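See structure below.
The values are calculated or read from the model by the stated rules, or taken from the named source; none is laboratory data. The model shown is predicted, which means the values in this text are computed figures rather than measured ones. Please note: Cβ atoms are built from the backbone with ideal geometry, for glycine as well, and neighbour counts cover all protein chains shown.
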Amino acid sequence: MSTPVIETKELSRYFQVGSETVKALDGVNIAIQRGTFFGITGPSGSGKSTLLYVLGGMDRQTSGECRVLERELSLLDDNQLTEFRGRNIGFVYQSFHLIPKMTALQNVELPMIFNGLSRGDRRSRARTLLEMVGLGDRCNHRPVELSGGQQQRLAIARAMANEPPLILADEPTGNLDSVNGKAILEIFLDLVRNQGKTIVMISHDQTAIRMTDQSFLMLDGRIHSRNQHELANLTEAGGVC
């Protein structure tokens, strides 16, 4: 078996809140292979967002190992981590996080500026990515002129700007209706199946989780279940919000 894109061993992240130690992550062990659509679900406060932030190098673990693309993130200083993140990881958020004053084309171009691409190359790739997500005719529209589904498509195009092998998505369908949510998931499936990307997605939406290749349920900072049928049963029983 090939080296996992993501591998954690006894990964923990603790926060001190007054005199109390909050164990947001408490000994998480996972291995995610390249070309996998991977889902994480669980109630609010279960640790899933903290896990995503640690995997993306936006937070650092308290203890344990976190290897992403064969790099132990805890060994990188802040500058190295920023460069690694910019070249290797694309982020898709529930609230889109687009730049309001920029056009769709400019939003997609922005990450490429920091990676030193020429203006011509940036513009060409941005147009290609917008075509890929069905926004080829919206290049000059600003986010406010786009629907929620279109804004999320734009966010995906931006996440793909630097051709990252790994995409981390935090509730990407959370602000969308079922039709637009399904369209976003189909884009993700295409990225995994046809472009070999690895996607890790947090979602409360069990329809979305069922579309992943693998998934697990988190409770109290720990992995509770890795079985799709058990996840479905827990959901039906009210175990996942």
Being acidic (Asp, Glu), under 21 Å from the mean Cα position of the chain (by Cα) and crowded, with 20+ Cβ neighbours inside 10 Å is true for just one of 109, 70, 83. Which residue is that? 109
Do any residues in the range 52-80 that are over 17 Å from residue 15 (Cα atoms) and without any contact (Cβ under 8 Å) to a residue 12 or more places away in the chain have Cβ atoms under 9 Å from those of residues that are assigned to a strand (DSSP E or B) and among the acidic types (Asp, Glu), where the two are at least six apart or on different chains, and which pairs are they? 72/65
Which residue is surrounded by the fewest Cβ atoms within 10 Å (Cβ to Cβ), if the candidates are limited to the range 9-52 and must be farther than 17 Å from residue 169 by Cα and in contact with a helix residue (DSSP H, G or I) (Cβ under 8 Å, 6 or more places away or on another chain)? 24
Mind checking which pairs have a first residue in the range 3-32 that is under 12 Å from residue 51 (Cα atoms) and a second that is at pLDDT below 95 and polar (S, T, N, Q), Cβ under 8 Å, 6 or more apart or different chains? 14/21
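Condition check: in contact (Cβ under 8 Å) with a residue 40 or more places away in the chain and assigned to a helix (DSSP H, G or I). Does residue 153 satisfy that? Steps first, answer last, please.
On the way: in contact (Cβ under 8 Å) with a residue 40 or more places away in the chain: no; assigned to a helix (DSSP H, G or I): yes.
Taking the combined requirement at face value, the residue does not satisfy it.
From the residues in the range 135-150 that are assigned to a loop (DSSP other than H, G, I, E, B) and in contact (Cβ under 8 Å) with a residue 40 or more places away in the chain, which one is nearest to residue 180 (Cα to Cα)?
Step one: filter the range 135-150 for residues assigned to a loop (DSSP other than H, G, I, E, B), giving 135, 139-142, 146-147.
Subsequent filtering for residues that are in contact (Cβ under 8 Å) with a residue 40 or more places away in the chain retains 142, 146.
On the way: 142: 19, 146: 13 Å.
Residue satisfying both the conditions and the ranking: 146.
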